[in-house]
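One structure is given below, encoded as structure tokens.
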Amino acid sequence: MSGLFHYGGSGGVGPQGPQGPTGATGPTGATGATGPKGDKGDTGDPGPGPINPRGQWNSGNSYSLGDVVYYLGSSYMWTQATGGGFASPDGDTPHWQLIASKGDQGDTGPQGPSGGTGLQGPQGDPGTNGTDGPNNISSGTTTSFDPNQFLVTNAATGNASSTPFGVTTTLNLLDADGTTTHTLTITNGIITGAT
């Protein structure tokens, strides 16, 4: 049998095969030991302390640390350990800290309903007397008394301007004092007699 087989020498290294698929994720490892405590941090700056509202800013007041004022719609806090605050907060920013700024003006709201009728006001003072009007006496008048302001007391017969031509009319008049009676005679629309 040994005469049928022949053993040769070792062959060369073959080419590298393709990469295999990624394996499954392994279990989470145990938590490590706590590290040493870190160093203590630096001390922070001191705060402003309690807030003390002081109302509207006044240049005549002295303010202390933590005082809060209102000025032109905004609020400010005095941040200095020493008293002061005589300059307006909006211009003295190194000493005043802005807390809240004034908001923008809102939109105009809708017009409201009309109000009810108000109460009647008191009666006004009497007005001054007007000037006397002209006397309605036609040109050509003859009279024996002062031409004062006359008041017609018997207007049933009409007046000079409406008396037709050819008609004689008598009018009884009161002069300005309201007591003296005069008589005018009107002929053809013209005063021809007066007493």
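With just the Cα atoms defining each centre, how far is the stretch 10-59 from the stretch 68-135? Give it in Å.
Each part's Cα centre sits 57 Å from the other's.
Need one word for the stretch 52-100: rounded, prolate or oblate. Basis is the Cα gyration tensor (sqrt eigenvalues a ≥ b ≥ c); a/c below 1.5 gives rounded, then a/b vs b/c decides.
rounded
Long-range amide H contacts for N52: which residues qualify at under 5 Å (H placed 1.01 Å from N, peptide plane, sequence gap of 5 or more or a different chain)?
D67, V68
Every number in this text was worked out from the coordinates using simple rules, so none of it is lab data. Owing to the predicted nature of the structure, the values given are computational and were not obtained by experimental measurement.
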